[in-house]
1. Where does the chain land at 222 nm, in deg cm²/dmol rounded to the nearest 500, when only DSSP H runs of n ≥ 4 count, each adding -39500 (n - 2.57), divided by all residues?
2. Over the alpha-carbon set of the chain, divide Rg by the Kirkwood Rh and report the Rg/Rh ratio to two decimals.
3. Given the options F160, A260, N180, identify the residue whose Cα lies farthest towards the positive end of the charge dipole of the chain (+1 on Cβ of Lys, Arg; -1 on Cβ of Asp, Glu).
4. Give, as ranges by residue number, the residues of the range 17-37 whose backbone N falls under 18 Å from the point 7 Å along Cα→Cβ of Q51.
5. Restricting to Cα pairs below 8 Å that are 6+ residues apart, what does the relative contact order work out to for the chain? Please round to a whole percent.
6. Determine which residues of the range 1-35 fall in the zone a paramagnetic label at K194 would reach in this model, i.e. backbone nitrogen under 16 Å from the point 7 Å along Cα→Cβ.
7. Just to be sure I understand the model, the point goes 7 Å from the Cα along the line to the Cβ. What's the resulting R153 to R61 distance in nm?
8. Taking the dipole about the Cα centre of the chain, with the C-beta of Lys and Arg at +1 and of Asp and Glu at -1, give me whichever of N106, L243, F78 is farthest to the positive side.
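No lab work stands behind these numbers, since they all come straight from the coordinates. These numbers were taken from a predicted model, which means no experiment stands behind them. As a convention, Cβ positions derive from the backbone with ideal geometry for all residues, glycine included, and neighbour counts pool all protein chains shown.
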Amino acid sequence: MNIKKALKFGSEKLKNSSTSVLDTEILLSFCLIKNKEWLFLNLDKKLNLKQVDLYKKLISRRKKKEPITYITNYKEFFGLDFYVDENVLIPRPETEILVEEALKFNKKKAKILDIGTGSGNIIISIGKNKKAGLYASDVSTQALKIARKNAQRHKVKVRFFKSNLFKNIPKISFDIVIANLPYLDPKWISEDLKYEPINALDGGKDGLEIIEKFLKQVKKCLTKNGVILFEIDPRQSFQLKKLTKIYLSNKNINLIKDLACLDRVVKIS
């Protein structure tokens, strides 16, 4: 099997997917450790038996709708490459809003805490663009291993903690507290999310149980003029305004829209 036949084979196997051609190119590039441009300049190049076997296995996984990100263990976020596997959520473009908002904070040597860090994509992206004291936590041991791996890859110094919300966080005040917590109501979790860790998606009733606990606790860890940033589902906007008034009555709330003009990030300051 040469590259031309391999591309045809993959496209045919994945023909029920709207991204079949792109997926095929990505998986063959990954298999051969070459970029897509190289593939098309070497269409007659033959794959060895080991490469053919690996490629067919990758195509089979994708046919079962396993995300490309988990197959290749790669995801770009805020212009950086991150290692990702099934122990963490796949970073989404809309989550970059959290990084953008954090970078607007102009205090020198700010202390920043990222709750529910997952792959570490948020706190590491901030660290690559801003000098600050960086702290991050997750309830998952496996997620923390991945976050540490990504921090080492990008040479960003982050203090990591295994913690359920603020339980094991040092008793210091933070200028920015960021959270990308589970915020989906169980009935909103669709089939296309089946490969992602359920404990990072399921936010309980209305998707707000964990976020409400977060809002109850966050004030004690915040500096006087500190900022809180977290991601939500657009359907939660009204309820979140009510919760903010209950737990942070002296703070202002601002809902930031994503590229689809939907409420995506809550900024409390």
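1. That calculation yields -11000 deg cm²/dmol at 222 nm.
2. Ratio value, two decimals: 1.04.
3. Positive-most Cα among the choices belongs to F160.
4. Residues 24-37 qualify, since their backbone N sits under 18 Å from the label point.
5. 13 percent
6. Under cut-off, by backbone N: 17.
7. According to this spin-label approximation, the distance is 1.4 nm.
8. With unit charges placed on the Cβ atoms, the residue in question is N106.
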